[in-house]
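Q: Before I ask anything, here is the structure I am working with.
Here, each number is a calculation from the coordinates, and none is a lab measurement. Only a predicted model underlies this, so the values are computations on that prediction, with no experimental measurement involved. Cβ coordinates were reconstructed from backbone atoms using ideal geometry, including for glycine residues, and neighbour counts include every protein chain displayed.
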Amino acid sequence: MKTRSRPKQPSQGGLSSQELIKAILHDLLDTSPYVKASAVVKVSGLTVVSVMPPYMEEERVSAMAAVMLLLGERITNAMRGGPLDKVYIKGEEGHIVLMSIGKEAVLTVMAGERAPLGLLFVEMRLASEKLLKLM
């Protein structure tokens with residue numbers, strides 16, 4: 001879904017994995033006012049869950065995020081740079097960071113240009129560890 005409004009906190013148990021993933025994405029957005037969008041994407045390019053403004057093309061962003069992560073893995077392998085940690089893209093109006101969630105998914109975040117990157121990377125790592133348990 002493409003809403004930024006936070007879902008209700010459901011009672012214990014009975015939550016679907018998609019609801020839990022969406023709650024983690026909302027927590028990530030709530031952590032920093034600079035974070036504008038987030039998504040969990042399968043490496044096949046399919047969106048698992050996203051929290052994006054309506055003007056963002058969810059399907060296109062998801063497909064490109066999966067491709068960028070795979071390219072990043074190939075480049076680091078070809079240059080013997082070790083395992084890929086993240087892919088970072090800097091645009092005029094902000095940052096896009098892709099971080100793998102195990103071998104099957106990608107956490108994608110878009111943040112404003114003034115976002116403190118160190119904190120963003122830490123928050124993304126914590127979120128990806130939580131998401132890995134749900135994938």
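Q: Any idea how many residues of the range 77-94 are in contact with a strand residue (DSSP E or B) (Cβ under 7 Å, 6 or more places away or on another chain) and closer than 15 Å to residue 64 by Cβ?
A: Residues flagged as in contact with a strand residue (DSSP E or B) (Cβ under 7 Å, 6 or more places away or on another chain) and closer than 15 Å to residue 64 by Cβ within the range 77-94 amount to 3.
Q: Restricting to the range 87-116, what's the tally of residues that are more than 15 Å from residue 43 (Cα to Cα) and exposed (fewer than 15 other Cβ atoms within 10 Å of the Cβ)?
A: Going through the range 87-116 one residue at a time, the tally reaches 10.
Q: Separate question: For the range 28-47, indicate whether the set of residues that are in a helix (DSSP H, G or I) and within 11 Å of the chain's Cα centre (by Cα) is non-empty.
A: yes
Q: Taking the range 48-62 as the region of interest, how many residues are part of a helix (DSSP H, G or I) and either under 20 Å from residue 130 (Cα atoms) or touching a residue at least 40 places away in the same chain (Cβ under 8 Å) (or both)?
A: 3
Q: Separate question: Any idea how many residues of the range 63-113 are assigned to a loop (DSSP other than H, G, I, E, B) and more than 19 Å from residue 53 (Cα to Cα)?
A: Of the residues in that region, 10 qualify.
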